[in-house]
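A short worksheet on the structure shown next.
The values are calculated or read from the model by the stated rules, or taken from the named source; none is laboratory data. Values in this document were obtained by computation on a predicted structure and should not be read as measured data. As a convention, Cβ positions derive from the backbone with ideal geometry for all residues, glycine included, and neighbour counts pool all protein chains shown. Just the protein is used for accessible areas: all its heavy atoms, side chains included, with ligands, DNA and RNA removed. Shrake-Rupley method; radii C 1.70, N 1.55, O 1.52, S 1.80 Å.
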Amino acid sequence: MHHHVLPEKLWLKILIGMIVGVGIALNVSIPESYMPWVELPGDMFIGILKMVIVPLVLSSVILGIGSAGSLSYLRSMGVRLIPYFIFTTAVAITIGLTITSVVEPGLAIDQSLMKPAEQVTTQKLLDITIPERIMNVVPVNPAEAQLSKNMLQLVILGVIAGIALLMLRTKSTKTFRDVCEFTQDACMLVVGWAMWLAPFAVASLMITAVSAMGLSALSSMALYVACVVGGLMTMMVVYMVIVWIIAKRNPFQFLSDIRAAQIVAFSTSSSLATMPVTLSVAEERLKTSDDVHGFVVPLGATINMDGTAMYQAVVALFLCQVFGIDLSMGETVILVVTTIGASIGTPGLPGVGVIVLATILSGIGVPSEGVGMILGVDRLLDMCRTTINITGDLTATAVMQRWMHK
């Protein structure tokens, strides 16, 4: 991947697209019959990105591990990366819980607004036992993993193939590596094409998002939204400190390097769709090596979701405040950890997280109306937390680059 795929000043073009989209959404009333056409550019854009996800994740992870050179190097990377992921996620949850406990947004909700939500299908996910969740991680059927987009399975499949690439020393190894390199380059080329669409796509996505947001819901939920956004901002500051102290990079330079990925993340609100952009940003702007970003970015996009973790912590506490359910600190932590565990084991489709959350919350006595309340403002918060998730992955990439290549 040594050719530049991102168009010049991409972040600026996308930003303009976003502003135009929001402007149109707030000032033009679009007839219902035209909405599918308005949504088309955005759907196409995300569709193209998702199309390349499977080959891209596989080839990136395989090459990332293949270029690690040895199993011991790989082990030393994993031994650093996994604790790092756990640490940042824990920090994010702590920030979320602290802010929500102090501000108590749940007490500000007008109880008369509680209207029953549509019944969310909660039963289905609750039935998955822990062993089944663990089994969910094993890539028994790669084709099915591609269809259900169970990303963790894909990453693990890539890890296994990458280790095989390291251990086999046959003539065919080189051929396989070449095929992977071609796959990765080809995917990135397609991503580059998609990026020309990006400004229009983003305008389209913003129109859809803003029209879907209940602006009336926003006002009554303002304190809750402020807690989530404030927590995410705090996490952003934490990342900048990590970048500065651990990765030994200038945080402001780092931010300007990664803004293309951040803006795509914000407008698509999908960590998966953004991943191709995250990879090219790591390669082109952060100048990290293949073995680092090829491994950290796909794995991070799958399991390192600090923004989501924090959001779930805030939601859990907020709903408990609204419905007057008192949780001890221990119960709160168990609740949040369960939620995150569930979100790793479930497919990375948008909106699944909310269903998982509903399931777990109904277990402690939160009525489903609560979930309806949250859904009103979820899209905006989804955009924010995805941006933080992506920033977290790129921060991890910078940190690992520093640790592995002194």
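Structure notes:
- S72 open to solvent by 50 Å² or more (accessible area, probe 1.4 Å) and part of a helix (DSSP H, G or I): yes
- Filter result for D306 (open to solvent by less than 10 Å² (accessible area, probe 1.4 Å), of a type in the set (D, E, K, R) and in contact (Cβ under 8 Å) with a residue 24 or more places away in the chain): yes
- Counting the residues of segment 305-341 that are modelled with pLDDT of 80 or more, aliphatic (A, V, I, L, M) and part of a helix (DSSP H, G or I) gives 9.
- Residue check, V61 within 27 Å of I156 (Cα to Cα), open to solvent by less than 10 Å² (accessible area, probe 1.4 Å) and within 22 Å of the chain's Cα centre (by Cα): yes
- Answer residue from segment 25-53, given it is among the aliphatic types (A, V, I, L, M) and open to solvent by 60 Å² or more (accessible area, probe 1.4 Å) and is nearest to A186 (Cα to Cα) among those: M51
- Counting only residues that are touching a helix residue (DSSP H, G or I) at 6+ places or on another chain (Cβ under 6 Å) and not β-branched (V, I, T), segment 16-49 holds 9 of them.
- Filtered residue count, segment 5-24, keeping only those that are among the β-branched types (V, I, T) and either touching a Cys at 6+ places or on another chain (Cβ under 9 Å) or surrounded by fewer than 15 Cβ atoms within 10 Å (Cβ to Cβ) (or both): 2
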